[in-house]
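Below you'll find the structure, written out as structure tokens, and then a few comments.
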Amino acid sequence: MPGKLPRIALHFAFVMPLMAQDAVRYELRFPNAAHHEAEVRATFSGVRGGVLEVVMSRSSPGRYALHEFAKNVYNFRATDASGKQLHVDRPNPYQWNVAASGSTVIVGYTLFGDRADGTYDAIDPTHAHLNPPATFAWARSFEKSPVSLKIEIAPASDWTVATQLAPGAGGVWTAPNLDALMDAPLEIGPHVMREWSADGSRFRLALHSQAADDVVTRFQRMCEAVVLEEEGVFGAFPKYDNGSYTFLVDYLPYVSGDGMEHRNSTVITSARSLKRESAPQLIGSVAHEFFHSWNVKRIRPRSLEPFDYERVNMSGELWFAEGFTDYYGPLALARAGLTSRDEFIATMRDAVNAVLTAPGREVFSAADMSRRAAFVDGAASTDPENQANTYISYYTYGRAIALGIDLAIRARFPGKSLDDWMRAMWRRHPDIQKPYTMADLELALADATGSREFAREVFRRHIEGLEPMEYASLLARAGFALQPESPAKAWIGTPPMNFSDRGIDITGPTIRDSPLYAAGIDSGDRIIEIDGKSLKTRRDWDDLAAAHKPGDRSTVTVEARSGQKKAEITWAQAPDVWITSFEKVGRQVTPEITRFRDAWLGSKALWPLPKIE
Ligand SMILES: [Zn+2]
């Protein structure tokens, strides 16, 4: 809210000298790291009223399901400024109501964490890897108060702190409010810190790995190339809040693979070790998460604002926020020459294949798939689900839609591309103070292409509607053929299966378009025989399929919940599609196709890319 800034600044300048301390002060220690524990102390000053409601978050920005971080909090206690114990009530599983006796409440607790990724905490003798919503209990009515954080590290330790919190005096880190604290993860450990500047912005790579120095240097160059290539899409970097952006990267065998975007940093984790050979794969999440520093952290759906730390913010726009990011990540790598064009096309093929073959497409639109994030994004459930027949990831779906729209714009509006839509979105919705709605997305597409009809058509048919885009004709413009992967291959379905001497146990839903489904066979059934032959191994299954062609008929003997039964099935053509370059299928690559490909997949960086040997 820039219009109000001067008045607020004046107010603070007047009040500041009277404040003895920050309103919220955290202290962090790791005396029992060997057993994955941290000690957290939080001091809330200026408490008004008798009860302070202290809360552990249930959700984390960038995650779209509930996580119940309170389950890893214990030894909770509360005192006043003199150390006198205060009474604590538990109104619900993630809240502590503290009966305050004065204006200061100090709470302390032990925190357990043994999962290093973008959502949880990991504390062990090698590092403390912390996601603030999983770490810091906060108090209602203090959400807008300034926060300070003191981290105690043993003097002999080689640990240092990497975070996008602002460094203050005396090793204290600060945030202007709770949202800023929650959006600044911390990697505290023996990482290497590499820094560089690009187009007036400062970048830092805090890397915790076992990689050799020259491998780290080469990886840093790859990060530099990604940063510049993605800047080229938007034309400028965002204004990072403290003037810099930090990649917090852990490549260690005991971390869990993840990537989590933040306004001024990202957490990236993988159990793969960083080597020359693995770098082209590892750089993929760098490209994805950095693109988020525009798309979702600044160009932000209204549905995610304000972020609710206790509930799920449902969003119908994740096909754009996540899916388009999942398109631009691989695209930036190809444009920067970090991966080949063939590798880029293979990634696109996976998305197009998923959209064209998953029966979920007939159930939910891309917008509705986004609204199901609460049930899939790290959500845990014990009862079975029917995702095989109802769901397509909004990442995958969005990637396929981005590809289709990019190709459609390029074909229909010469000189324009999806990049124009992204730039129009950033121009119209530069930061979270001006979030967008679904209608705004459509308006920006109309703005970028100059065609309201095109924008309406895209949204009506492919985003709110259930129609896939016409990938075969769109890809042909770029000299790629969309074909059945194996036209002669016979198929009856590929549900999850267990093979044993007793037969084949179907352990998950059969999909709606498969012959097995049509025969009434589903999860819990055991296939004993097909064509009178018993099937015990994966090999038996593959040999049987190889002996058939599409259109053949077979008899299947099944042990079902209702007893033994025989069913007739007709072998179908395997549904998977493949994308192949015209060169490989002997079709002519015209100069027009070459120009189209170069405009699409050539570098867009505004500055020279670093050389990567
Ligand atoms: Zn993402």
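Quick note: the coordinates plus some simple rules give every number you see, no bench work behind them. What you are looking at is a predicted structure, and each value in this text was computed from that prediction instead of being measured. Here the Cβ positions follow ideal geometry from the backbone for every residue, glycine too, while neighbour counts run over all protein chains shown.
Assorted remarks:
- Remark on the chain: hydrodynamic radius 26.9 angstrom, per the Kirkwood mean of 1/r across alpha carbon pairs.
- Peptides 274-284, 359-369, 586-596 ranked from most to least packed give 359-369, 274-284, 586-596, packing being the mean of other C-beta atoms within 10 angstrom over each peptide's residues.
- Share, in percent, of DSSP beta bridges within the chain that are antiparallel, nearest 5: 80
- Across region 72-220, Cα pairs under 8 Å and at least six residues apart give a relative contact order of 16 percent.
- Principal-axis tilt of helix 591-601 within the chain, Cα atoms, nearest 10 degrees: 30
- Burial ordering of SER293, SER201, fewest other beta-carbon atoms within 10 Å first: SER201, SER293
- When Rg and the Kirkwood Rh are both derived from Cα coordinates, the Rg/Rh ratio for region 113-186 amounts to 0.97.
- Relative to one another, the C-alpha centroids of region 509-531 and region 168-195 are positioned 54 Å apart.
- Taking 0.36 nm per residue of sequence separation and removing the Cα-Cα distance, the ALA212/ARG302 pair yields an extension gain of 28.0 nm.
- Reachable aspartates and glutamates, given that their alpha-carbon falls under 16 Å from the alpha-carbon of LYS565 and they are not under 8 places away in the same chain: ASP505, ASP522, ASP525, GLU529, ASP531
- Bridges between two residues of region 218-367, per DSSP, are antiparallel at a rate of about 35%.
- Here region 329-377 and region 409-460 have alpha carbon centers that stand 20 Å from each other.
- The string of couplings for region 554-567 from the Karplus curve (6.51, -1.76, 1.60, θ = phi - 60°) is 9, 10, 10, 9, 10, 9, 10, 4, 8, x, 6, 8, 10, 9 Hz, one whole number per residue in order, with x for Gly and Pro.
- Residue-averaged 222 nm ellipticity for the chain, from DSSP H runs of 4+ at -39500 (n - 2.57), nearest 500: -8500 deg cm²/dmol
- Put in line by how crowded their Cβ is, counting other Cβ atoms within 10 Å and starting with the fewest, VAL355, VAL107, VAL585 read VAL585, VAL107, VAL355.
- In this label model, ALA271 and ALA236 are separated by 4.4 nm, measuring between points 7 Å along each Cα→Cβ vector.
- Based on C-alpha pairs under 8 angstrom that are at least 6 apart in sequence, the chain has a relative contact order of 11 percent.
- Put simply, the convex hull of the Cα atoms in region 490-573 casts, on average, a shadow of 4.6 nm².
- Restraint check, LYS584/LYS604; LYS275/LYS584; LYS84/LYS144; LYS489/LYS584, Cα-Cα greater than 30 Å: LYS275/LYS584
- Förster radius 45 Å - calculated FRET efficiency between ARG202 and ALA34 (Cβ-Cβ, nearest 0.05): 0.80
- Region 490-573: relative contact order as a whole-number percent, Cα under 8 Å and 6+ apart: 31
- Sorted from longest to shortest, the spans of the Cα atoms of region 405-448 along the three principal axes equal 34, 16, 13 Å.
- For the peptides 475-482, 449-456, 233-240, the ranking by mean Cβ contacts within 10 Å, running from highest to lowest, is 475-482, 233-240, 449-456.
- Set against the 2.2 N^0.38 Å expectation for a compact globular protein, region 145-214 has a Cα radius of gyration ratio of 1.26.
- Debye log10 I(q)/I(0) at q = 0.14, 0.17 Å⁻¹ for region 193-283, Cα point scatterers: -0.49, -0.72
- Shape category assigned to region 290-389 from the gyration tensor of Cα positions, a/c cut at 1.5: oblate
- Per principal axis, descending, Cα span of region 21-190 in whole Å: 43, 37, 28
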